[in-house]
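Below you'll find the structure, written out as structure tokens, and then a few comments.
The values are calculated or read from the model by the stated rules, or taken from the named source; none is laboratory data. It should be emphasised that the depicted structure is a prediction, and the values quoted were computed from it without experimental measurement. Note that each Cβ is placed from the backbone with ideal geometry, even for glycine, and that neighbours are counted across all protein chains shown.
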Amino acid sequence: MTSHKETHFGFQTVAEDEKAGLVHGVFSRVASRYDVMNDVMSVGIHRIWKNAMMDWLAPRDGQHLLDVAGGTGDIAFRFLDRAPQAQVTVCDMTESMLVEGRKRAEADRLADRLGWVTGDAMALPFRDNSFDRYTISFGIRNVTRIPDALAEAFRVLRPGGRLMVLEFSQLPVPAMQWAYDRYSFNVIPVMGQLIANDRDSYQYLVESIRKFPDQETFAAMIREAGFERVQYRNLSMGIAALHSGWKL
């Protein structure tokens, strides 16, 4: 039965039950070039942002991290480098992204502390109160119903657990946002065509950034999911932002 509810896929309006398949198609196509894609979209700065995420998250030995939409392992490997006696479960809806993550040299080195699971952020295949930390990096804007994903994050975290989201966001200065939009819409899809022979996927990714809520709106969504002590930090003046919340 087709859903009558609608959502956005970039700037297109689509039925809710179609979006997951469309997003899956994008990431299946770009999986082998995903890390290069992040370099293109952030001019390489995503590496600095992810390190800032780890600084604020402060991984500790003995913790169990669930990294959602983390297919290529970037966050998982960083977490385990800082907490060698921790555990990480990477969950991604796109099997080809997990395949790319498993190919990386770090995956073999860390295999005894690292699991890979295919799953949907809106219906995680894990029990309640299973994880100490939950991260999602540049993934939540692709989820069909963001409140459902946040509710699932709250459910699978143990009391005292922490959510951290890294996502592209909105610049607070309109003139800077205008200039960034010109770069995003005019340069990134062209680079996608040149690098991955896939302009459409990069066009969607740029559009999805513009459709994502601003920092205050998203912080309110995190609070509505039940999290407390919700804070955010802008990165590169708001091109991206880190959001943190606690299950207390």
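General remarks:
- Of all positions in the range 37-47, none carries a residue that is buried (at least 20 other Cβ atoms within 10 Å of the Cβ), closer than 25 Å to L150 by Cβ and without any contact (Cβ under 8 Å) to a residue 40 or more places away in the chain.
- Here the condition is being surrounded by fewer than 19 Cβ atoms within 10 Å (Cβ to Cβ), out of contact with any His (no Cβ under 9 Å at 6 or more places or on another chain) and more than 15 Å from T89 (Cβ to Cβ); of D108, D112, it holds for D108 alone.
- Lone qualifier among M93, M97, M122 - being modelled with pLDDT of 95 or more, of a type in the set (A, V, I, L, M), closer than 22 Å to R141 by Cβ and under 15 Å from the mean Cα position of the chain (by Cα): M122
- There is at least one residue in the range 190-197 that is within 27 Å of G25 (Cα to Cα), touching a Phe, Trp or Tyr at 6+ places or on another chain (Cβ under 6 Å) and of a type in the set (G, A, S).
- Each residue in the range 76-102 was checked for being crowded, with 21+ Cβ neighbours inside 10 Å and among the basic types (K, R), and 1 pass.
- If the condition is being more than 18 Å from H46 (Cα to Cα), touching a helix residue (DSSP H, G or I) at 6+ places or on another chain (Cβ under 7 Å) and not aliphatic (A, V, I, L, M), then the range 164-188 contributes P172, F185.
- Residue, surrounded by the most Cβ atoms within 10 Å (Cβ to Cβ), within the range 123-132, restricted to residues that are touching a residue at least 60 places away in the same chain (Cβ under 8 Å) and assigned to a strand (DSSP E or B): F131
- Candidates I136, I146: the one that is buried (at least 22 other Cβ atoms within 10 Å of the Cβ), at pLDDT 95 or above and under 29 Å from T13 (Cβ atoms) is I136.
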